[in-house]
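Heads up: the structure comes next, in structure tokens.
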């Protein structure tokens, strides 16, 4: 690795929606490795739309290979445009020869990527391709490419974001179809732009969705609607399945932009799908998935973090990776409606959304507030050390991270109620030389993985790496990290809470106008909490655990 840090980085992201979502953790990791660099992605138009408003990017350049950048002349034109940006490093997540050739043609001095597709001569820093006999998930494939640059640890789960305006726009579209906020939505994505071999049978999609909708409606005593999703050209497929379901539905196949698709998928309680881009979008939003796999390899492209989501039949010819089946399509025809239905029930039950807690007499003790959107539009800022996990002084590696009991489950409840969770943490250990930003990224990767397993997800992580003596604007109780979240995430501070274990967390909440909860799991002991009022730092609530904090927050927001 060069000692001189890059100032301007060009990132060539993958061309397919699903691959671009699986590449997101690596893109986030690249930003953590080079926080002072100007980061620009080069992407096809649909992928550029996926990354609209993405935190950490400075510029998005569209690669129109069907129009302005078609042919040799178009490649020359693109290279000339890139040359004017004076990039000093190109990171090529796209594996094609073309990506390395264009970076070379643009005169970018350092060109970094996997040594694939015969392009090694155009790479100044080729990375060895993983052995084919040891397949890794595509999320890890992209993440591991960064390790020679300094990344470490496991890949965090992908995350995506849509704005509050995009949420409202989709809500309005659903309302026009008779589907309001009281409706639970089950998404069905029956198509595949890759080829017909990846498609499960339409009538089985319909039957599985119908059975699941009936069960959810009975269990949760709320109306259920079905949203049919798909690409342009799949409209008739969506209409055919909708006609078979015999309940309220909306056919959005071929009728959404990428951003609209993201917002609809986020709204779903569960998505039943083939191995497609929307499958990965759902996983990135923490939406439970049932993924029907046939000719493709679930070991490399299953929904990341949802190990039990895959339904497949072990046939001798799969995975073949063919677009069209030359024989009898046995990998799909042998998958029954009951297999998909039972997996859907397990996926929902695993996130405590379908099977409630029942008492000895069989009465339902599920907290119904968990099943609503009472926190929709709310943001919850979370401190880390002492709040989510035990604080040994400085956590320097993922091995030291231990969450308090009940934290993942409590945060999952808040997510299910519609809340956005954002971590804000002081990390002066970086300035003190106790850990690197790469170490911190690995720690947060483990944190997100632990939360994801319980159905919880962080929308964003903000940290202050500075020494307390530097006088920066981001170290709590100063409001820099919160203000950054407002700019980048559209946070409404009038609908915000902050949960922390320290007086500086409560002071920060007061400075930004958020409601506050002090958890007595860290710095402030329960017996000391009474002294906060005299110091003018009395929180809105004091909780002995994150579980208790979630209980109060849900009741407070529901007033």
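Once the convex hull of all Cα atoms in segment 389-519 is built, its volume per residue stands at 108 Å³.
Looking at the calculated P(r) for segment 95-192, what percent of the C-alpha pair distances fall above 22 Å? Of all Cα-Cα pairs in segment 95-192, 57 percent lie more than 22 Å apart. Counting other Cβ atoms within 10 Å as a rough exposure proxy, the listed residues 104, 552 run 552, 104 from fewest neighbours to most.
Only helices enter the 222 nm calculation for the chain: every DSSP H run of n ≥ 4 contributes -39,500 (n - 2.57), and dividing by all residues gives -10500 deg cm²/dmol, rounded to 500. Taking only the C-alpha atoms of the chain, the Rg (one decimal) and the largest Cα-Cα distance, Dmax (whole number), read 24.1, 78 Å. Note on residue 399 and residue 317: with the Förster distance fixed at 51 Å, the Cβ-Cβ geometry gives a FRET efficiency of about 0.75. Normalising by residue count, segment 8-149 has a Cα convex hull of 105 Å³ per residue. Only Cα pairs under 8 Å and 6+ residues apart enter the sum, and on that basis the relative contact order of segment 376-438 stands at 50 percent. Remark: relative contact order (segment 8-149) = 25 percent; criterion is Cα-Cα distance under 8 angstrom and separation of 6 or more residues.
Counting beta carbons within 10 Å around each of 287, 315 and listing the fewest first gives the order 315, 287. Projecting the alpha carbon convex hull of segment 164-350 along each direction and taking the average yields 9.8 nm².
Computed over segment 275-354, relative contact order equals 30 percent, with contacts defined as Cα pairs under 8 Å that lie 6+ residues apart. By the count of other C-beta atoms within 10 Å, a proxy for reagent exposure, 174, 212 are ordered fewest to most as 174, 212. With each label modelled as a point 7 angstrom along the Cα→C-beta vector, the residue 246-residue 133 pair spans 5.4 nm. Computed from the C-alpha gyration tensor, the three semi-axes of the ellipsoid equivalent to segment 445-525 are 20, 17, 16 Å, from longest to shortest.
Every read-out reported here was derived from the displayed coordinates using simple, explicitly stated rules and does not represent laboratory data. Just so we're clear, the structure is a prediction, and the values are computed from it rather than from any experiment. Note that we place each Cβ from the backbone using ideal geometry, even for glycine, and neighbour counts take in every protein chain shown.
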